[in-house]
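Worksheet: one structure, shown below.
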Amino acid sequence: MSLTLGRTALKRTIVVAAVALLTAAGCTPSPSEKPVASPGVEPSGTVEFWHFFTDREAKAIDTVIADFKAKYPKVNVVVKSGQDDTKMLQAIGAGQGPDVGLSYSTDAAGQLCNSSAWIDLKQYVDRDKVDVNKFPETVRNYTEFKGKRCAMPFLADTYGLYYNKTLLAEAGLSGPPKTLTELSDMAKKLTKRKADGTIERAGFLPLSSFYENVPSHLYPMVGAKWLNDDGTSAVGSDPAWKELLKWQKDLVDWYGYDKLEKFRASLGDEWSADNAFHKGQVAMMVDGEFRIAYLRDQAKDVQFGTAPLPMSDSQSSRYGAGYVTGNIMGVSRTAKNPEAAWALVRYLSTDTGAIVKLANLIKNVPTTTEALANPGDLATDPEFKVFIDMFQNPNSVHMPSTAIGPALEETMSKFMQKWQSGSATDLDAGLKGVDEEINKQLQLAG
Amino acid sequence: MAITTVGAPGTTPGAPPARRSAPRWWRARERLTVLSFMAPALIGLALFLVYPLLASVYFSFTKFDLINPPQWVGLRNWTFLLHDPNVRTAATNTLWLVVVMVPARMLGALGTGLLLARSRRGAGIYRTLFYLPALAPPVAATLAFVFLFKPGTGPVNSLLAHVGIEGPLWFNSPQWAKPSLVLLALWGIGDLMIIFLAALLDVPKQLYEAASLDGANAWQQFRAVTLPAISPVLLFAAVTGVIQTLQYFTQAAVAASVASGQATTGGGISSTFGYPENSTFTYPLWLYVVGFRYGALGYANVLAVVLFVVAITVTAILLRRFRTFLGSER
């Protein structure tokens, strides 16, 4: 018995199968094309909302979602916590995913907008006459990409300096540093070593990748630029980056890289109660305003203060500024119920009561001018007020949005690791390399 | 005198007598029956092997971000591969792991298997003990291992300090991070060990007795009896080991994240990939980052196709080498 197909038939079958497969491969879900309803139509149905928060912060979200449900009784919200950007993008790409997604960082805005994973909200904004000028300029900027409003703000994070008041007082220091030179001097005074030279306490741990010591949180201290006006990388040509990296390396060398690494490796996890600042193992560190809630919850005995980021000597006039980033949310192109999804996005980003409540529960910075003017209990907290002021400071900066998501940050971070350890010695060449790599990625993303 | 063979009318002289062929409809029916039995397997292969493979090759020539339909860009992604510094670092790290980790795991599993094959008392307990780590989920096992080897507070360095040795930085050192991953892999050799043990126990005892009567010492017995007898299992271990290591992802990602102490919440963990100093940055990690974090799925498919070709080539070479080895043994 012959089981072989005829040669011609076999070839034909393969060609047909290949064409069918490749055609199928090219098929991706088309964007949501549901027409925008007339003004005043009451939203209804089920909305799936994905966010990245967990534990205490997730409970806060649930509280505000319950308020939303009370206001819009016809809308049922299914909340899924602990979701990250990558999962969300993959789900949308597969035609699934949430109706409303919450992204961790403004880094993602470019990617989400550029790819149209989130739809342009302009039609909804115009229909409901939402005044986006109620968002501060920084917030307006980081929720748009190339003029396309595909995201709305969901609270913000501002990064400044935390210092341990008790340890500073013990060292005879009266207040936080305002310049990088002061930061280095104070770090040295606050550092405690054992007899064999190993570090017992670091005044300031300058290693890149330690907790929140990532390039984006440090670059405001020297006023560095990420991108040129033409959209290419400015890292290799902006002398401010060299200033930052030299300052960091000098301090690392003062400690000794190996000793510092060993010390870092002995510290607890950033998000655990064993955080080194909670334990008094580092006296000063860069962190976001959310740390206040963790400290008050997990390290009640720590007397801490907060301050704007110290600036380089040449940038001292910019003191008061910090790094601003925000959580952003949008409506997926695969949303099954875009009208109700928009209602939820609108509520969470523009309803002053909801924003203030959420900001107070999560201890994040509110993102509308009205909520900033009356932020509830946050206004009476002197440590938190520092972050609200920094958020509104015109010199505060945020990461530029690009189509390559976190690539700017991650490429720079990798170089900083090599630089601080001494395995990269030519700073100019290294920064040019970062330039080249970022530009190639940008080119690839088109 | 010439002999003439007279065949049946219509047949070629010298050819075997023709069988009566089955009717056409019968052949077609038989073919259909066989195909229908094979259909589940064929459909599975087409859906889960052929389709992804062809789609991957197609996507490698496109600009694709997972959201929008792919756009044909010709050889652009392939050209980028030649100038990508990350792929060089990632491929070098992966190659290092293949060269060191695969033989280390095989030797470790074979050595343990040999010892356990000889053990008489408590053999079951030892076998269970050595196999247990293989049951731990990779993420949990890696987490536990990194904490054991924490330079400042981990028990391993504390023990070393007791005997006057200053332990290295393990997962926090660019020089030690990959060897630490090898140690982690050695800890989990139970899966391989159990296969080797089964093969070792399967070698006929008579062969050892005969070799012993011929005056062969332990090494000669191992070389001439054990190795050839278990060579199919060795080949299996080498091939699957190489393929698994070429796809080494989870342990490298988790170890880097935990060792850096920089757990991120919503941004994913890719910012810590490679820590410290790219020493644990493997090829699949870069494939994942570039595809799913930077949105360049077209280029990620180039990396996937290259990985597939490398895996196939290495497998073919291994199969050939083992055949040669077996040939020389016989």
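Overview of results
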| read-out | value |
| --- | --- |
| Search result, residues across region A:73-87 that are more than 14 Å from B:GLY295 (Cα to Cα) and either surrounded by 24 or more Cβ atoms within 10 Å (Cβ to Cβ) or more than 10 Å from chain B (Cβ to nearest Cβ) (or both) | A:PRO73, A:LYS74, A:VAL75, A:ASN76, A:VAL77, A:VAL78, A:VAL79, A:LYS80, A:SER81 |
| Filter result for B:LYS178 (among the basic types (Lys, Arg) and at pLDDT 95 or above) | yes |
| Residue among A:PHE68, A:PHE145 that is of a type in the set (Phe, Trp, Tyr), crowded, with 18+ Cβ neighbours inside 10 Å and within 14 Å of chain B (Cβ to nearest Cβ) | A:PHE145 |
| Selected residue (criterion: nearest to the other protein chains (Cβ to nearest Cβ)) from residues of region A:113-127 that are in a helix (DSSP H, G or I) and in contact with a helix residue (DSSP H, G or I) (Cβ under 7 Å, 6 or more places away or on another chain) | A:TYR124 |
| Scope region B:60-82; condition of a type outside the set (Val, Ile, Thr), out of contact with any strand residue (DSSP E or B) (no Cβ under 7 Å at 6 or more places or on another chain) and at the interface with another protein chain (Cβ under 7 Å from one of its Cβ atoms); matching residues | B:ASP65, B:LEU66, B:ASN68, B:PRO69, B:PHE80 |
| Inter-residue pairs, beta-carbon under 8 Å, first in contact (Cβ under 8 Å) with a residue 60 or more places away in the chain and in a helix (DSSP H, G or I) and in region A:406-435, second surrounded by fewer than 22 Cβ atoms within 10 Å (Cβ to Cβ) and of a type in the set (Lys, Arg), 6+ apart | A:TRP419/A:LYS249; A:GLN420/A:LYS249; A:LEU427/A:LYS242; A:LEU427/A:LYS246; A:ASP428/A:LYS242; A:LEU431/A:LYS242 |
| Some residue of region B:177-191 being out of contact with any strand residue (DSSP E or B) (no Cβ under 8 Å at 6 or more places or on another chain), under 21 Å from A:TYR257 (Cβ atoms) and of a type in the set (A, V, I, L, M, F, W, C) | yes |
| Residues within region A:369-404 that are under 16 Å from A:SER216 (Cβ atoms) and in a loop (DSSP other than H, G, I, E, B), tallied | 8 |
| Filtered residues of region A:46-86 (kept if touching a residue at least 24 places away in the same chain (Cβ under 8 Å) and closer than 18 Å to A:ALA117 by Cα) | A:VAL47, A:GLU48, A:PHE49, A:TRP50, A:HIS51, A:PHE52, A:GLN83, A:ASP84, A:ASP85 |
| Helices (runs of 4 or more DSSP H) fully within region A:161-228 counting 3 or more residues that are at pLDDT 95 or above and out of contact with any helix residue (DSSP H, G or I) (no Cβ under 8 Å at 6 or more places or on another chain) | A:165-170, A:180-190 |
| Some residue of region B:115-138 being in contact (Cβ under 8 Å) with a residue 60 or more places away in the chain and within 14 Å of chain A (Cβ to nearest Cβ) | no |
| Subset of region A:88-112 (residues that are surrounded by 18 or more Cβ atoms within 10 Å (Cβ to Cβ), assigned to a helix (DSSP H, G or I) and within 11 Å of chain B (Cβ to nearest Cβ)) | A:MET88, A:LEU89, A:ALA91, A:ILE92, A:GLY93, A:ASP107, A:ALA108, A:GLY110, A:GLN111, A:LEU112 |
| Any chance B:SER180 is within 14 Å of chain A (Cβ to nearest Cβ) and under 26 Å from B:VAL239 (Cβ atoms) | yes |
| Any chance A:ASP131 is within 10 Å of chain B (Cβ to nearest Cβ) and either within 24 Å of B:VAL289 (Cβ to Cβ) or not hydroxyl-bearing (Ser, Thr, Tyr) (or both) | no |
| When residues of region A:257-280 are limited to those that are over 25 Å from the mean Cα position of the chain (by Cα) and among the acidic types (Asp, Glu), the one farthest from the other protein chains (Cβ to nearest Cβ) | A:ASP258 |
| Scope region A:321-337; condition over 17 Å from A:SER216 (Cα atoms) and in contact with a helix residue (DSSP H, G or I) (Cβ under 8 Å, 6 or more places away or on another chain); matching residues | A:ILE328, A:MET329, A:GLY330, A:VAL331, A:SER332, A:ARG333, A:THR334, A:ALA335 |
| Members of region A:386-424 found to be of a type in the set (Ser, Thr, Tyr), under 18 Å from the mean Cα position of the chain (by Cα) and within 10 Å of chain B (Cβ to nearest Cβ), listed by number | A:THR402, A:THR411, A:SER413 |
| The lone exception for A:GLU383 - which of (1) more than 12 Å from chain B (Cβ to nearest Cβ); (2) crowded, with 22+ Cβ neighbours inside 10 Å; (3) of a type outside the set (Val, Ile, Thr) it fails | (2) |
| Candidates A:LYS336, A:LYS418, filtered to the one that is within 30 Å of A:PHE210 (Cα to Cα) and either modelled with pLDDT of 90 or more or crowded, with 24+ Cβ neighbours inside 10 Å (or both) | A:LYS418 |
| Failed criterion for A:PRO310 (all others in (1) under 25 Å from A:LYS165 (Cα atoms); (2) free of Cβ contacts under 8 Å to residues at least 60 places away in the same chain hold) | (2) |
| Filtered residues of region B:276-289 (kept if aromatic (Phe, Trp, Tyr), in contact (Cβ under 8 Å) with a residue 40 or more places away in the chain and within 10 Å of chain A (Cβ to nearest Cβ)) | B:PHE281 |
| The listed residue being assigned to a helix (DSSP H, G or I), closer than 15 Å to A:MET329 by Cβ and not assigned by TED's automatic domain parsing to the domain that holds A:ALA407, out of A:VAL64, A:VAL130 | A:VAL64 |
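The values are calculated or read from the model by the stated rules, or taken from the named source; none is laboratory data. Since the structure is predicted, the reported quantities are computational estimates derived from the model, not experimental observations. Here the Cβ is made from the backbone with ideal geometry for all residues, glycine too, and neighbour counts use every protein chain on show.
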